[in-house]
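> Structure incoming, see below.
The values are calculated or read from the model by the stated rules, or taken from the named source; none is laboratory data. The shown structure was predicted, so the numbers you read here are calculated from the model rather than taken from an experiment. Using ideal geometry, Cβ is built from the backbone for each residue, glycine included, and neighbour counts are taken over all protein chains shown. Ligands, DNA and RNA are excluded from the accessible area calculation, which covers all protein heavy atoms including side chains. Shrake-Rupley method; radii C 1.70, N 1.55, O 1.52, S 1.80 Å.
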Amino acid sequence: MIIFILKRLLWGVPVLLTVATLTFAIMHVVPGGPFDREKRLPPEIKANVEAKYHLDKPIYKQYLLYLNNLMKGNLGPSYKYIGRDVNEIIKDTFPVSIQLGVFSLLISVVTGICSGIIAGINSDTVWDRLTILFATIGISLPNFILAALLILSFSHFYKILPPALWEGWRHMILPSITLGFAPAAYIARLTRSSIIDVINRDYIRTARAKGLRYRNIIFKHVLKNSIMPVVTIMGPLTATFVTGSFVVEYIFSIPGMGRFFITAVTNRDYPMIMGVTLIYTLIIVLTNMVVDIVYAFLDPRIKYE
Amino acid sequence: MNKSAIISCLFLIIVSTSSLLSPWIAPYPFDLQNSDELLQGPSLKHIMGTDKLGRDLFSRILYGARISISVGILTALSSLIIGTVYGGVSGYAGGRIDNFMMRAVDVIYSLPDLLMIILITVIIGRGWVSIFLALSIVGWVTVARLIRGELLRLKEFQFVESVRAIGAGHMRIFFIHLLPNTIGPLIVTLTFRCASAILSESTLSFIGLGLAPPFASWGTLANDGWGSVKFYPHLTIFPGTAILLTMLALNFLGDGLRDAFDPHRKV
C-alpha cells in the first residue's frame, strides 16, 4: 500500500515538471514583456528593472534559476504587485479559494448523491424526471448565468444575501451554490445511472428473494456498490471546480486565487501566471492520487501494483 | 427518436440559419448607435431593449450567434480531424506506440480546459482566431480517446482479419472498414464538444479574456450588461438565455443521438 502511494506520488513529478517547463516556455515566447507599458520606460531604467528580475540573463540560465527556485518552493516575485512575492499572494488568496471549493464540494456531493439516489430507486417516477431535468439544466447552465440569476433574485429583488465580497458565512452561500451546481448535476446523473445498474443485478434479486428488508438492501447492498463510479468522477470534477472558481470569484468579487489569476493574465504578470498554474496542477495531481487510493480501498479487487 | 431531441434539432437549425441571415433579417445593424434610445427595456420597437450606446440588443444577439455558433461548429470539426488522426494512429498501432501517444493525451486531459485555453490565448493574443485555435488544441483530446478506444475494440473483429486476408492495406482497412464503424459515438461526442466549446467561449468572453469589441459573442454581450445588471437586467438576461437555450438544445440532442445509436445503454 505504501509503495502504491509512493508510486502515485512519483508519477506526479514528471507531470509537474512538464507543466512548469511548458508554462516557462510559453511565457518566454510571448511577444510583449510585462514591462512594455504604453508609456515607454527610459532604457536605463528598463535595463535596471530587467536586471532585478534576471530578465537580462540568457534564457537557459533563467530556466535553471526558475527550477532551482521552484525546488525551494519559491515562485518568484510578482511583476505587477511590486515588492510582493507570488508565494505571499498565494498564501493570502489560497485559503479563500479553498473555503469556497470545500463548501461547494459539500453542497454538490450532498445534493448530487441524494437526488441521484432518490431518482435511481424510484426510476420512471416524477422524482426521476425532475432529477433528470435538474441534471440536464445543471450541465447546460453556464455558471455566470446562474450567478446572475441568483444575484438578481437574492440580492437585488429580495435583499437577503450579499452579492459580492467574502466576509462571513452569508457571503459564501451564493458563490458556493453557483460553483457547486454543475458538479451536483454530474454527480446526480452518474449516481442515478449507477444505482439503476446495480439494482438490476442478480445479487440484489437474491437479496430480495431471501426476504431481506427493502431498506437494508438499498443501504447495505445497492448504495455500497453503486458509489464506485461516483468516486472516480471526483478527479475530473476537481478541474470543473478549478475553472469554475475563476468565473465565480470574478463575478462575486471574491479575493481568491482564481480572480488573481485572471488579473495576472490581463497584466501579463508571468511569475504569477506560472505560479498559480503550478498550484492548480498540483491540486489536480493530488486529487487524482487521493481518488485512486480511495478507490483501491473501496474495491479490493484493484491491486496496488 | 425522442421528442426533446427533435425539438432541440429544430431550434438549433432555426438559430443557425437566422444567424447566417442576420444581415437581412436583423432589424438594425449590430453597431448602429442611437443616442436617443439608450438603455431602454424591451418594447415593440426594440424587442429586447437597447444597450448603453443605444444599440438594438436583439440584432446584436443575432449577430452574436454567428460568432458563438461558428466557434462551436468549427472547433468540433477541427477536433474531429486532429482527434481522429491521432486517436486512429494510436489505436490502430497499439502496443508501445499507443502507450506513448496516450501518455501525452493524459497530461492534456488532466488539466482543466479553461486554464489551458487561457494560457494559449496569452501566447497568441486575443481574438477570434486565437479562441478557435485554443479550443481546438484542447478539444481534440476527447475525440482522440474515443476513437482510440473504439479502434482497439473494432480491430479485434473478424471482418478486419478477413479484409486483411484479402490483401487490403493499412490505409484501406483504416478508412474504409474501421472508421465508418465509429461514426455513431463520434457524432455524439461532436455534439457535446460543440456545446462545451460554446460554453468555454462564452465563459472566456464573460470574464473579459475573449473577443475584443466591436465583435460581440453572447458571452461578450452578457459581460457588457453585467456592470449594470442591478438596474438593467435585460442586458444580461437575454444573451444569457440565448446561451442557455443553445446549450440545452445541444445537450438534449446529444442525449437523444446517444440513445438512438446505442439502444442498449439508456442513461
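> Under the classification rounded if a/c is under 1.5, otherwise prolate if a/b is larger than b/c and oblate if not, where does the protein assembly as shown fall, given a ≥ b ≥ c as square roots of the Cα gyration tensor eigenvalues?
On the way: a/c = 1.36, a/b = 1.16, b/c = 1.18.
Because its axes are fairly even, with a/c under 1.5, the protein assembly as shown counts as rounded.
> Does anything in the stretch A:222-257 have its amide N under 14 Å from the 7 Å Cα→Cβ label point of A:Val290, and if so which residues?
Once the point is set 7 Å along Cα→Cβ of A:Val290, A:231-239, A:241-242 turn out to lie under 14 Å by backbone N, inside the stretch A:222-257.
> Let's see if you can work this out: charge +1 on each Lys and Arg Cβ, -1 on each Asp and Glu Cβ, no other charges. What is the dipole magnitude of the stretch B:57-265 about its Cα centre, in debye to the nearest 20?
Numbers: 15 positive and 11 negative charges, 43 e Å.
Rounded to the nearest 20 debye, it is 200 debye.
> To continue, here is another question. Cα gyration tensor of the stretch A:154-305, axes a ≥ b ≥ c as square roots of the eigenvalues: rounded (a/c below 1.5), prolate (a/b > b/c) or oblate?
Values: a/c = 3.91, a/b = 1.75, b/c = 2.24.
The shape class here is oblate.
> Under a 10 Å cutoff between Cα atoms, tell me which one of A:Ala135, A:Ala148, A:Ala188 has the largest fluctuation in the Gaussian network model of chain A.
A:Ala148
> Turning to a different aspect of this structure: Set Lys and Arg Cβ to +1 and Asp and Glu Cβ to -1, take the dipole of the protein assembly as shown about its Cα centre, and tell me which of B:Ala195, A:Ser193, A:Thr136 lies farthest positive.
Towards the positive end, the residue furthest out is A:Ser193.
> May I pose another question? Helix A:270-298 sits at what angle to the longest principal axis of chain A, using alpha carbons and giving 0 to 90 degrees rounded to 10?
For A:270-298 against chain A, the angle is about 20 degrees.
> For chain A: lysine pairs with Cα atoms under 29 Å, gap of 8 or more or different chains, count?
Count of close lysine pairs: 28.
> With a Förster radius of 60 Å, plug the Cβ-Cβ distance of B:Asn181 and A:Asn69 into 1/(1 + (r/R0)^6) and report the FRET value to the nearest 0.05.
Numbers: r = 52 Å, r/R0 = 0.86.
Taking R0 as 60 Å, the efficiency between B:Asn181 and A:Asn69 is 0.70.
> Could I ask something else about it? Percent of alpha carbon pairs in the stretch B:133-267 separated by more than 28 Å? Working shown, then result.
Working: 3618 of 9045 pairs.
In whole percent, the share of Cα-Cα pairs in the stretch B:133-267 beyond 28 Å is 40.
> Here is a further query. In square angstrom and rounded to 100, what buried accessible area do you get between chains B and A, total over both, with the probe at 1.4 Å?
Details: alone 14160 and 17760 Å², together 28570 Å².
Adding both sides of the contact gives about 3300 Å².
> Express the carbon and sulfur contribution to the solvent-accessible surface of the stretch A:87-256 as a percent, rounded to the nearest whole number, probe 1.4 angstrom. Provide the component values of the computation, followed by the final result.
Numbers: 5410 of 8070 Å².
Taking all protein chains in place, the stretch A:87-256 shows 67 percent carbon and sulfur surface.
> Sticking with this one: Report the charge-dipole magnitude of the protein assembly as shown in Debye, nearest 20, computed about the Cα centre from +1 at each Lys and Arg Cβ and -1 at each Asp and Glu Cβ. Before the final figure, lay out the partial values.
Values: 50 positive and 34 negative charges, 263 e Å.
Roughly 1260 debye for the protein assembly as shown.
> Among all helices in chain B defined by DSSP H, which have a length of 18 Å or more along the axis from Cα atoms plus a Kyte-Doolittle mean of at least -1.0?
Helices passing the filter in chain B: B:3-20, B:57-93, B:95-110, B:128-154, B:183-206, B:234-261.
> Would you mind getting me the FRET efficiency between B:Leu245 and B:Val85? Use the beta-carbon distance for r and R0 = 25 Å, nearest 0.05. Write out the running numbers ahead of the final one.
Working: r = 34 Å, r/R0 = 1.35.
Between B:Leu245 and B:Val85 the formula returns 0.15.
> If I take every Cα pair under 8 Å that is 6 or more residues apart in chain B, average their sequence separation and divide by the length, what percent do I get for the relative contact order?
Values: 369 pairs, mean separation 68.0, N = 267.
Relative contact order here is 25 percent.
> Mind checking the mean number of beta-carbon atoms from other chains within 10 Å of the Cβ atoms in A:87-95?
Details: counts 0, 0, 0, 0, 0, 0, 0, 0, 0.
What the average comes to for A:87-95 is 0.
> Okay, next question. Averaged over B:117-124, how many beta carbons belonging to a partner chain fall within 10 Å of each residue's beta carbon?
Values: counts 1, 7, 9, 1, 1, 11, 6, 2.
Shielding by partners across B:117-124 averages 5.
> I've got another one for you. Which order do the peptides A:171-179, B:74-82, B:149-157 come out in when sorted by mean C-beta neighbours inside 10 angstrom, highest first? Numbers along the way, then the final one.
On the way: A:171-179: 22.9, B:74-82: 19.6, B:149-157: 16.0.
Ranking the peptides A:171-179, B:74-82, B:149-157 by packing returns A:171-179, B:74-82, B:149-157.
> So, one more: Determine the relative contact order of chain A: mean sequence separation of Cα pairs under 8 Å and six or more apart, normalised by residue count, in whole percent.
Working: 317 pairs, mean separation 78.1, N = 305.
Dividing the mean separation by the residue count of chain A yields 26 percent.
> Hey, another quick one. What order do you get for A:67-74, A:15-22, B:131-138 when each peptide is scored by the mean count of other beta carbon atoms within 10 Å, highest first? Let's see the in-between values first.
Numbers: A:67-74: 11.1, A:15-22: 15.9, B:131-138: 22.2.
The peptides rank, most packed first, as B:131-138, A:15-22, A:67-74.
> Between A:Leu22 and A:Lys57, what is the label-point separation in nm under the 7 Å Cα-to-beta-carbon projection?
2.5 nm
> Calculate, in nm to one decimal, what B:Val129 and B:Ile25 gain on full extension: separation in residues at 0.36 nm each, minus their alpha carbon distance.
Numbers: separation 104, 0.36 × 104 = 37.44 nm, distance 2.65 nm.
Gain on stretching B:Val129 to B:Ile25: 34.8 nm.
> Could you tell me the relative contact order of the stretch A:183-264? Use alpha-carbon pairs under 8 Å, at least six residues apart, and round to a whole percent. Kindly include the intermediate steps, with their values, before the conclusion.
Details: 47 pairs, mean separation 22.9, N = 82.
Relative CO of the stretch A:183-264 lands at 28 percent.
> Which is farthest toward the positive dipole end of the protein assembly as shown among A:Leu146, B:Tyr86, B:Leu20, measuring Cα position about the Cα centre, with Cβ charges +1 (Lys, Arg) and -1 (Asp, Glu)?
Working it through, the farthest residue towards the positive pole turns out to be B:Tyr86.
> What distance in nm separates the simple spin-label points at A:Asn267 and B:Ile97, each placed 7 Å from Cα in the Cβ direction?
4.9 nm
> Between B:Ile124, B:Ile67, B:Ile198, which gets the highest mean-square fluctuation from a Gaussian network model of chain B, Cα cutoff 10 Å?
For chain B, modelled as a Gaussian network with Cα springs under 10 Å, the answer is B:Ile124.
> Something else: Over chain A, with a Gaussian network built from C-alpha contacts below 10 Å, which listed residue (A:Tyr66, A:Tyr280, A:Tyr203) shows the highest mean-square fluctuation?
A:Tyr203
> Hey, any idea what % of the stretch B:57-265's accessible area is carbon plus sulfur with a 1.4 Å probe? Let's see the in-between values first.
Details: 5940 of 8620 Å².
Taking all protein chains in place, the stretch B:57-265 shows 69 percent carbon and sulfur surface.
> Which residues of the stretch B:232-251 end up with at least 20 Å² less accessible area in the presence of all protein chains than when their chain stands alone, using a 1.4 Å probe?
Those are B:Ile237, B:Gly240, B:Ile243, B:Leu244, B:Met247, B:Leu248, B:Asn251, which lose 20 Å² or more relative to the chain on its own.
> Write down the accessible area per residue of the protein assembly as shown in Å², having rolled a 1.4 Å probe over the full set of protein chains.
Working: 28570 Å² over 572 residues.
Per residue, the protein assembly as shown has 50 Å² of solvent-accessible surface.
> Moving on to the next point. So what's the angle, to the nearest 10 degrees on a 0 to 90 scale, between helix A:2-29 and the longest Cα principal axis of chain A?
40 degrees
> In nm, to one decimal, how far is the B:Ala165 label point from the A:Asn216 one, both placed 7 Å along Cα→Cβ?
About 5.6 nm, to one decimal.
> If you don't mind, another one. Between B:Leu77 and A:Asp197, what is the FRET efficiency for a Förster distance of 30 Å, r being their Cβ-Cβ separation, to the nearest 0.05? Please report the intermediate quantities before stating the final value.
On the way: r = 34 Å, r/R0 = 1.14.
Efficiency at R0 = 30 Å is approximately 0.30.
> Right, next: Give the angle, between 0 and 90 degrees and rounded to the nearest 10, that separates the Cα long axis of helix A:257-267 from the longest principal axis of the Cα atoms of chain A.
Relative to chain A, helix A:257-267 is tipped by roughly 40 degrees.
> Other chains near A:143-152: what is the mean number of their Cβ atoms within 10 Å of each residue's Cβ? If you can, show how the numbers build up before the last one.
On the way: counts 3, 12, 15, 2, 5, 9, 5, 0, 5, 5.
What the average comes to for A:143-152 is 6.
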